[in-house]
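Structure first, then comments.
The values are calculated or read from the model by the stated rules, or taken from the named source; none is laboratory data. This is a predicted model, so every value here is computed, not measured. Every residue, glycine among them, receives a Cβ derived from its backbone with ideal geometry; neighbour counts consider all protein chains shown.
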Amino acid sequence: MGKPVADEILGRVRGLVAQSAARGRRPPHLAVVYVGDDPASAVYIRQKQRAAAKVGIETNLQHLPATVGIGDLLAIIDRLNGDPGVDAILVQMPLPAGLDPDLVLERVRADKDADGLHPLNLGRLLAGGRGPRPCTPAGVMALLAHYGQETAGRRALVIGRSRLVGWPVAILLTQAQATVTVAHSRTRDLPRLLAEAEIVVAAAGHPGLVEARHVALGAVVVDVGITRTEEGLRGDVDPGVAERAAALSPVPGGVGPLTVAMLLNNTWEAYSRAL
Ligand code: NAD
């Protein structure tokens, strides 16, 4: 379900990169900073590098040990910030305990911010201005738009309020004229909120949190959650929801491919802005 939408975005980026190469320009370059050995991060980075290669974007992986000091990590980011051959920088999250993600995300130059998570870019998002959008939230919106799901005037429930997913999704849905409720770990009576929601975006990281019996008939449900369990990858939404919902994005194969596509779209945008 997510793949055709991602393929469309990647096809557009591939075309733009090819046009730029035909004019004799160097390819866009994405630097990836990976600290530690989180196995899920390693999988995500491989997916991102493979997709980048397919559209003609170069990547360069800086793999640092979990023991790296914050000073050394910031010095590497400073070097990438100052390198005119690097257009965009992605610091793979989560960072090992002890490394402050806010400090690291703020150090990446805002105009090289591939993930759209720099405070300046989050401010631009809030202001409705230009700038890279956080990848997964932008992917959620692209999915809804591609499948013709109306947002204007509809009641949307976003489950999760992280800076990475829930909060930006809530902002983007509000800008798309939905009436948005944000649920989080302290929310009381999630079933009541679900019963009223016409659009549900679940991003809590709790498998099965959204149960079929609580979802309104005909709701549109986007499952962002990814949790590794013994039975494989699980979303936040019980698969039985498909029987009540008008549409349900699967895990895997829903939002995931779009996150990668949006990252490469942001890389292209950073490159073309710098031309
Ligand atoms: P996070 O842990 O930073 O945030 C989780 C949010 O969910 C918090 O705001 C918390 O308040 C809320 N929450 C937790 N338990 C809840 C409950 N019982 N009821 C309501 N709200 C609850 O996680 P994150 O980085 O925002 O990621 C969320 C999920 O999305 C994770 O499973 C993550 O793996 C997945 N994810 C998927 C993609 C993708 O490309 N598909 C990208 C990023 C994150």
Subject >> Scan of segment 186-204 for residues that are away from the ligand (no atom under 12 Å from the Cβ) and surrounded by 14 or more Cβ atoms within 10 Å (Cβ to Cβ), ordered by number >> reply: Ala195, Ala197, Glu198, Ile199
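When you look at Val251, is it within 9 Å of the ligand (Cβ to nearest atom), in contact with a strand residue (DSSP E or B) (Cβ under 7 Å, 6 or more places away or on another chain), closer than 30 Å to Ala18 by Cβ and β-branched (Val, Ile, Thr), yes or no?
Numbers: within 9 Å of the ligand (Cβ to nearest atom): yes; in contact with a strand residue (DSSP E or B) (Cβ under 7 Å, 6 or more places away or on another chain): yes; closer than 30 Å to Ala18 by Cβ: no; β-branched (Val, Ile, Thr): yes.
In short, no.
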Original post:
Could we say that Val222 is touching a Pro at 6+ places or on another chain (Cβ under 7 Å), under 25 Å from Pro4 (Cα atoms) and either within 11 Å of the ligand (Cβ to nearest atom) or at pLDDT 95 or above (or both) here?
Top reply: no
Subject >> Boolean, Gly232 is surrounded by fewer than 18 Cβ atoms within 10 Å (Cβ to Cβ), of a type in the set (Gly, Ala, Ser), at pLDDT 95 or above and under 25 Å from Lys3 (Cα atoms) >> reply: no
**OP:** Go through segment 255-269 and give me each residue that's over 14 Å from Ala51 (Cβ atoms) and buried (at least 24 other Cβ atoms within 10 Å of the Cβ).
**Re:** Val255
Subject >> Flag if Ala183 is without any contact (Cβ under 8 Å) to a residue 24 or more places away in the chain, of a type in the set (Gly, Ala, Ser) and either farther than 15 Å from Arg155 by Cβ or within 13 Å of the ligand (Cβ to nearest atom) (or both) >> reply: no
**OP:** State the number of residues belonging to segment 152-178 that are assigned to a strand (DSSP E or B) and either buried (at least 17 other Cβ atoms within 10 Å of the Cβ) or within 16 Å of the ligand (Cβ to nearest atom) (or both).
**Re:** 4
**OP:** Would you check if Ala202 is farther than 30 Å from Leu30 by Cα and touching a residue at least 12 places away in the same chain (Cβ under 8 Å)?
**Re:** no
Subject >> Matching residues, segment 217-275, being over 21 Å from Gly205 (Cβ atoms) and in a helix (DSSP H, G or I) >> reply: Glu243, Ala261, Leu264, Asn265, Asn266, Thr267, Trp268, Glu269, Ala270, Tyr271, Ser272, Arg273
Subject >> Within segment 116-137, considering residues that are among the basic types (Lys, Arg) and assigned to a loop (DSSP other than H, G, I, E, B), the one surrounded by the most Cβ atoms within 10 Å (Cβ to Cβ) >> reply: Arg133
Original post:
Which members of segment 38-52 meet the condition of being surrounded by 11 or more Cβ atoms within 10 Å (Cβ to Cβ) and either in contact (Cβ under 8 Å) with a residue 40 or more places away in the chain or more than 15 Å from Thr259 (Cα to Cα) (or both)?
Top reply: Asp38, Ala40, Ser41, Ala42, Tyr44, Ile45, Gln47, Lys48, Ala51, Ala52
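For segment 205-216, give me the residue count where each residue is more than 9 Å from the ligand (Cβ to nearest atom), at negative phi and in a loop (DSSP other than H, G, I, E, B).
Summing the residues that are more than 9 Å from the ligand (Cβ to nearest atom), at negative phi and in a loop (DSSP other than H, G, I, E, B) in segment 205-216 gives 3.
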